[in-house]
Amino acid sequence: MKSISEKEKKLIDTLDKLKNLENLKPDNLRELEILYNQKNQLQIEKKEIEGRYSLLKQENETLKQQFDDFKKKNYEEKKKEDQFTEKIDELNQETDNLMEEIDKWQT
């Protein structure tokens, strides 16, 4: 974004030069025209850069949202996986208990 600052500074300098022109001589008119054209070009470039910056900002927000959604989904899947593992452990424990009961009845 340094170029925006530089171009904005050039624009300000150009505007200051225009303000300081009090006596318009024929040579000064040509210089004034050149300065005016430079100012217009800088304003056009500034608008283009601001437009690109705005698009990048929107894309960044979209990517942030997608990343947050991904993290949330990943967290939920991990939570479900943990619950599933817990249920399996409970079933294993219950199976072990039943096996012990069966062994008791058989002896």
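Read-outs throughout are calculated quantities, based only on the coordinates presented, and are distinct from any laboratory measurement. As the structure is a prediction and not an experimental result, all values here were calculated from the model. A quick note on method: Cβ atoms are made from the backbone with ideal geometry, for glycine too, and the neighbour counts reach across all protein chains shown.
For residue 10, indicate whether it is surrounded by 10 or more Cβ atoms within 10 Å (Cβ to Cβ) and among the charged types (D, E, K, R).
Details: surrounded by 10 or more Cβ atoms within 10 Å (Cβ to Cβ): yes; among the charged types (D, E, K, R): yes.
So residue 10 fits the description; yes.
For (1) exposed (fewer than 10 other Cβ atoms within 10 Å of the Cβ); (2) polar (S, T, N, Q); (3) over 39 Å from the mean Cα position of the chain (by Cα), each residue gets a yes or a no:
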{"residue": "5", "(1), (2), (3)": "yes, yes, no"}
{"residue": "32", "(1), (2), (3)": "no, no, yes"}
{"residue": "39", "(1), (2), (3)": "no, no, no"}
{"residue": "43", "(1), (2), (3)": "no, yes, no"}
{"residue": "49", "(1), (2), (3)": "no, no, no"}
{"residue": "67", "(1), (2), (3)": "no, no, no"}
{"residue": "72", "(1), (2), (3)": "no, no, no"}
{"residue": "83", "(1), (2), (3)": "no, yes, no"}
{"residue": "94", "(1), (2), (3)": "no, no, yes"}
